[in-house]
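Enquirer: Would you mind keeping the following structure in view while I ask a few things?
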Amino acid sequence: MQPPVTFLQSVALGFLGLGLFIGLWYVLSVSGFVPRVFLPSPGEVVDRFAVLMERRFAGATLLGHLAASFERFAYGFLLAAVVGIPLGLLMGWYRLLDEIVSPLFDGLRFVAPIAWVPFAALWFGTGIGGPIMIIFAGAFPPCVINAYRGAKFVDPRLIEAANMLGTPSLRVIREVLLPSSVPSIIAGLRVSAGLGWQSLVGAELIVASAGVGYMMVQGQANVSTATVMSGMVAIGLVGLALDTILRLIERVILRRRGLEH
Amino acid sequence: MGVIRFDDVGRIFGSKAKGFVALKNIDLEIGDREFVAIVGPSGCGKTTCLRLVAGFDHATSGTVSVDGTPVKRPGPDRAVVFQQFALFPWKSVWDNIELGLRNLGLRAAERTERIGAILDLMHLAPYAEHFPHQLSGGMQQRVAIARAYVLDPDVLLMDEPFGALDAQTRVVMQEELVRLARKNPRTVLFITHAVEEAVYLADRVVIMTRAPGRIKEVLDVASIRNAEDWGSHEKIEDVMDLESFVHLRTHIWRSLREEKASQDV
């Protein structure tokens, strides 16, 4: 048995890990072991980050780029949820649909979102459609899989109860499968948001105006590694915030159900 | 209305040759508004009998029919009360009871009227807006019974409905059910392994053998109940003290013990 950890200890340990990482990074970058152009020091990245927040680079400030990225992400993610969750529930209820869709879906989901970049560019040009499609490709599978699992693992007695009450299929899906799957769906949305947000840089390889990914590509072109790293830090921070918010929502929903662990 | 018939019913789980024979040669007719309890050792297939009438399961031979129509699928004419209640945790008491009425296509005014009446009858009115997890086991089972009764079904199927409740709650619920059955009699198929419960509630008690489940004996409790005037006693413990009750209970106990013994050999 490992000893239990208090909240404060857990926070302290988290900062310890972060500190060690930054320390190692600092030593590596100032030792001259790795050329400075290849690996900027933590201080340089912080400075660059601050500059990017205030001054425009590649057409916008860092916040401007983030806003553009977040808009694309939000569309792709919402589209994935709106299409994926009903599809997953329907697959969990209608055996025939499950048999038809599952093999195709199981193959397709192993294709990394970035593999769609050439097609996204061909089909949508430089408009907003391309990046949305890439983010959708990243965010879609967890939505489907978790809704499907949620629907499959509904207490069979609740389905029997719904059946003996004469409940028509669509109503069973909406009023039994969906609410019963909510915990699983929320867990799926968390994974889905993570994967969608991760796909962002790939998605923005093909945009021509703004976005964190675009900013990073421009940084690369100008051999400004600190700009690229600032983009990485920004993506990490927003991703962390996103996950924290979804986790809070998850907790609230579980508590309302009296299911909190 | 609500006549259940088992015609030479068999149920084999797995392959016909090597599978587990749960039920064999079940012949039984349950009359309109009759209350029949099935008792038997665990694994004797008594719950399978109920699931066949509910339409949750299919017989591998013979037919199960209600009012002459073979059972094909579940439906609100055969309402089920489950041992584990099976209430929808995300629906309030009111919404749990309302679902079946909405499925019947009743108008809002009529739904409200019927739900109000059943809530009063089951002493649930103050809990209409509560969620199942906020209620005790006994209260949850009241809701489940209300959800079934409100449909005004021809047949009520109860699968060890009080099995998950503590002894005191159980007694209250049994008295409640008798009250309900007197006020609004339905054809009831009641599964239990509690002998007293079966004798107290049922018109006839069916004793089943251990697997493969067959009908061993059918006892007519109603004629004894009427002859000895059990109905004049308000409380369950007073009925249970009567000589006629004790006699019947002991008879069933012996019969079940024989089954248990043959299993242990």
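Just so you know, all these numbers are worked out from the coordinates, no wet-lab data involved. Predicted, not measured: the structure shown is a model, and the values here were computed from it. Glycine also receives a Cβ, built like all others from the backbone with ideal geometry; neighbour counts cover every protein chain displayed.
Enquirer: For an R0 of 22 angstrom, estimate the FRET efficiency from the Cβ-Cβ distance between A:Ala67 and A:Ile245 and round to the nearest 0.05.
Expert: Values: r = 17 Å, r/R0 = 0.77.
Efficiency, from the Cβ-Cβ distance: 0.85.
Enquirer: If you don't mind, another one. Could you pull out the pairs from B:Lys24/B:Lys235; B:Lys16/B:Lys46; B:Lys18/B:Lys216 whose alpha carbons sit more than 27 Å apart here?
Expert: Flagged as over cut-off: B:Lys24/B:Lys235.
Enquirer: Between the helical axis of B:137-149 and the dominant principal axis of chain B, each derived from Cα atoms, what acute angle in degrees is found, rounded to the nearest 10?
Expert: Orientation of helix B:137-149: about 90 degrees from the principal axis.
Enquirer: Sum up the charges of everything whose Cβ sits under 15 Å from the Cβ of A:Ser224, counting Lys and Arg as +1 and Asp and Glu as -1, but leave A:Ser224 out.
Expert: Details: positive: A:Arg36, A:Arg48, A:Arg55, A:Arg56; negative: A:Glu44, A:Asp47.
Every neighbour counted, the sum reads +2.
Enquirer: Here's a follow-up. Would you calculate, for the protein assembly as shown, the mean residue ellipticity at 222 nm contributed by helices, counting each DSSP H stretch of 4 or more residues as -39,500 (n - 2.57) and dividing by all residues, to the nearest 500? Walk me through the numbers on the way to the answer.
Expert: Details: 21 runs with 302 residues, N = 526.
Mean residue ellipticity, 222 nm, calculated: -18500 deg cm²/dmol.
Enquirer: Measure nothing but the geometry: give the 0 to 90° angle between the long axis through the Cα atoms of B:243-264 and the longest principal axis through the Cα atoms of chain B, rounded to 10°.
Expert: That helix lies at roughly 60 degrees to the long axis.
Enquirer: Counting other C-beta atoms within 10 Å, and keeping those with at most 13, which DSSP coil trypsin sites (Lys or Arg not before Pro) do you find in the stretch B:1-52?
Expert: B:Lys16, B:Lys18
Enquirer: How many angstrom lie between the Cα centre of the stretch A:212-249 and the Cα centre of the stretch A:98-118?
Expert: 27
Enquirer: Let me ask something else about it. Considering every residue in B:58-70, what mean count of other chain Cβ atoms within 10 Å of its Cβ is obtained?
Expert: Working: counts 0, 0, 0, 0, 0, 0, 0, 0, 0, 0, 0, 0, 0.
Mean partner shielding for this stretch: 0.
Enquirer: What is the calculated FRET efficiency for B:Asp120 to B:Arg33, with r their C-beta to C-beta distance and R₀ = 25 Å, to the nearest 0.05?
Expert: 0.65
Enquirer: With +1 on each Lys and Arg Cβ and -1 on each Asp and Glu Cβ, and nothing else charged, work out how big the dipole of the protein assembly as shown is about its Cα centre, in Debye to the nearest 20.
Expert: Result for the protein assembly as shown is approximately 1560 debye, rounded to the nearest 20.
Enquirer: Shifting gears a bit: Taking loop as defined by DSSP and a crowding limit of 14 other beta carbons within 10 Å, which trypsin sites (Lys or Arg not before Pro) in the stretch B:58-92 fit? Please list the in-between numbers first.
Expert: Details: sites: B:Lys72, B:Arg78, B:Lys91; in loops: B:Lys72, B:Lys91.
Hits after loop and neighbour filter: B:Lys72.
Enquirer: I've got another one for you. List the trypsin sites (Lys or Arg not before Pro) within the stretch A:110-175 that fall in a DSSP loop (any state other than H, G, I, E or B) and whose Cβ has at most 10 other Cβ atoms within 10 Å.
Expert: Working: sites: A:Arg149, A:Lys152, A:Arg157, A:Arg171, A:Arg174; in loops: none.
For trypsin sites (Lys or Arg not before Pro) across the stretch A:110-175 that sit outside H, G, I, E and B with at most 10 neighbouring Cβ atoms in 10 Å, the list is empty.
Enquirer: Answer with one residue from A:Pro179, A:Leu63, A:Leu205: the one whose Cα lies farthest towards the positive end of the charge dipole of the stretch A:44-256, charges on Cβ with Lys, Arg +1 and Asp, Glu -1.
Expert: With unit charges placed on the Cβ atoms, the residue in question is A:Pro179.
Enquirer: Ok, one more. Looking at chain A, which longest stretch skips every one of the chymotrypsin sites (Phe, Trp or Tyr not before Pro) that is in a DSSP loop with at most 12 other Cβ atoms within 10 Å, leaving the sites themselves out?
Expert: A:154-261
Enquirer: Sticking with this structure for a sec: Test of understanding: given chain B, find the longest segment containing no GluC sites (Glu not before Pro) that are in a DSSP loop and have at most 10 other Cβ atoms within 10 Å. Let's see the in-between values first.
Expert: Values: sites that count: B:Glu129, B:Glu234.
Within chain B, the longest run free of exposed GluC sites (Glu not before Pro) spans B:1-128.
Enquirer: A follow-up question, please. Under the classification rounded if a/c is under 1.5, otherwise prolate if a/b is larger than b/c and oblate if not, where does the protein assembly as shown fall, given a ≥ b ≥ c as square roots of the Cα gyration tensor eigenvalues?
Expert: Cα axes put the protein assembly as shown in the prolate bin.
Enquirer: Another question, then. If a helix is a whole DSSP H run, which ones in chain A reach 15 Å or further along their own axis (Cα) and hold a mean Kyte-Doolittle hydropathy of at least 1.6?
Expert: The answer, listed by residue number, is A:7-30.
Enquirer: While we're on this one: Going by C-beta contacts inside 10 Å, put A:Val207, B:Val64 in order with the fewest on the left.
Expert: By the 10 Å Cβ count, ascending: A:Val207, B:Val64.
Enquirer: Then there's this: Taking neighbour Cβ counts within 10 Å as the exposure measure, how do A:Asp106, B:Asp67 sort from fewest upward?
Expert: A:Asp106, B:Asp67
Enquirer: How many Cβ atoms of partner chains, on average, are near each residue of A:175-182 if near means within 10 Å of its Cβ?
Expert: Per residue, the average neighbour count from other chains is 2.
Enquirer: Over all pairs of distinct alpha carbons, what does the Kirkwood formula give as the hydrodynamic radius of the stretch B:197-260, in Å?
Expert: 12.4
Enquirer: Using only the Cα atoms of chain B, build the gyration tensor, take square roots of its eigenvalues as a ≥ b ≥ c, and label the shape rounded, prolate or oblate: rounded if a/c is under 1.5, else prolate if a/b is larger than b/c, else oblate.
Expert: Judged from the Cα gyration tensor, chain B comes out oblate (a/c at least 1.5, b/c at or above a/b).
Enquirer: What number do you get for the stretch A:118-170 when its Cα radius of gyration is normalised by 2.2 N^0.38 Å, N = residues?
Expert: Expressed relative to 2.2 N^0.38 Å, the Cα Rg reads 1.91.
Enquirer: Looking at chain A as a GNM with Cα springs under 10 Å, which of A:Leu13, A:Leu39, A:Leu96 has the largest mean-square fluctuation?
Expert: Largest GNM mean-square fluctuation: A:Leu13.
Enquirer: Expressed in whole Å with the largest first, what are the equivalent ellipsoid semi-axes of chain A derived from the C-alpha gyration tensor as the square root of 5 times each eigenvalue? Kindly include the intermediate steps, with their values, before the conclusion.
Expert: On the way: eigenvalues 325, 126, 43 Å².
That gives 40, 25, 15 Å for the three semi-axes.
Enquirer: Order of A:Val37, B:Val205, B:Val221, A:Val228 from fewest to most other C-beta atoms within 10 Å?
Expert: Least crowded to most crowded, the residues run A:Val37, A:Val228, B:Val221, B:Val205.
Enquirer: For the protein assembly as shown, build the charge dipole from Cβ charges (+1 Lys, Arg; -1 Asp, Glu) around the Cα centre, then report which of B:Met122, A:Phe77, B:Ile12 sits farthest towards its positive end.
Expert: A:Phe77
Enquirer: Let me ask you something else. Shape call for the stretch B:144-241 from the C-alpha gyration tensor, a ≥ b ≥ c root eigenvalues: rounded (a/c under 1.5), prolate (a/b greater than b/c) or oblate?
Expert: It comes out rounded by the Cα gyration axes.
Enquirer: Normalised by the number of residues in chain B, what is the relative contact order in percent for Cα pairs under 8 Å and 6+ residues apart?
Expert: Details: 481 pairs, mean separation 68.3, N = 265.
Worked out over chain B, it gives 26 percent.
Enquirer: Each residue of the stretch B:106-119 in turn: what ³J(HN,Hα) in whole Hz from Karplus with 6.51, -1.76, 1.60 and θ = phi - 60°, glycine and Pro shown as x?
Expert: Once rounded to whole Hz, the list reads 6, 6, 4, 4, 5, 4, 4, 5, 5, 5, x, 5, 6, 4.
Enquirer: Given that compact globular proteins tend to follow 2.2 N^0.38 Å, what is the ratio of the alpha-carbon Rg of the stretch A:92-207 to that value?
Expert: Cα Rg divided by the expected 2.2 N^0.38 Å: 1.30.
Enquirer: Work from the charge dipole of the stretch A:44-256 (Cβ charges, +1 for Lys and Arg, -1 for Asp and Glu, about the Cα centre) and give the residue of A:Ile159, A:Leu237, A:Met215 farthest towards its positive end.
Expert: Going by the charge dipole, the pick is A:Ile159.
Enquirer: Right, next: Once both axes come from the Cα atoms, what is the angle between helix B:167-183 and the longest principal axis of chain B, in degrees from 0 to 90, rounded to 10?
Expert: Value to nearest ten degrees: 80.
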